[in-house]
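Only one structure is covered here, and it is reproduced in the block below.
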């Protein structure tokens, strides 16, 4: 690295020390996806499945509108999420 670049880099490191510490502590977690088989990594490239589950959960809770207790809400959410983990990969309706 030439001298001016090194000076800029050092200033950046000093100004972003908290970010640097976070990256150093979490880089292995961020790269752990590469230890998975290729087929799994392809499905993890985006959050489409999570967004679909979130939409389904919102749809089901909006239909009920009023829950007598928090436990009732938890049961419904568990049922929706358990139904989405069926072997076919499709949500049960």
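Note the full-extension length gain between residue 21 and residue 46 as 0.36 nm times their separation in residues minus their Cα-Cα distance, in nm to one decimal. Kindly include the intermediate steps, with their values, before the conclusion.
Values: separation 25, 0.36 × 25 = 9.00 nm, distance 2.66 nm.
Result: 6.3 nm gained on full extension.
Within the listed set 18, 42, 58, the Gaussian network model of the chain (springs between alpha-carbon atoms below 10 Å) gives the highest mean-square fluctuation for 18.
For the chain, averaging the sequence separation of C-alpha pairs within contact (under 8 Å, six or more residues apart) and dividing by the residue count gives a relative contact order of 14 percent.
Matching the structure-derived Rg/Rh (Cα atoms, Kirkwood Rh) against the labelled list [x] 1.44; [y] 1.30; [z] 1.25 gives the label [z]. Between helix 48-64 and the chain there is an angle of about 40 degrees, using the helix long axis and the longest principal axis of the Cα atoms. Summed over qualifying helices (DSSP H, 4 residues or more, each -39500 (n - 2.57)) and divided by its residue number, the chain shows a 222 nm mean residue ellipticity of -22500 deg cm²/dmol. Helix 17-31 and the long axis of the chain differ in direction by around 60°, with both axes built from C-alpha atoms.
Throughout, read-outs are computed from the coordinates displayed, never taken from laboratory work. What you are looking at is a predicted structure, and each value in this text was computed from that prediction instead of being measured.
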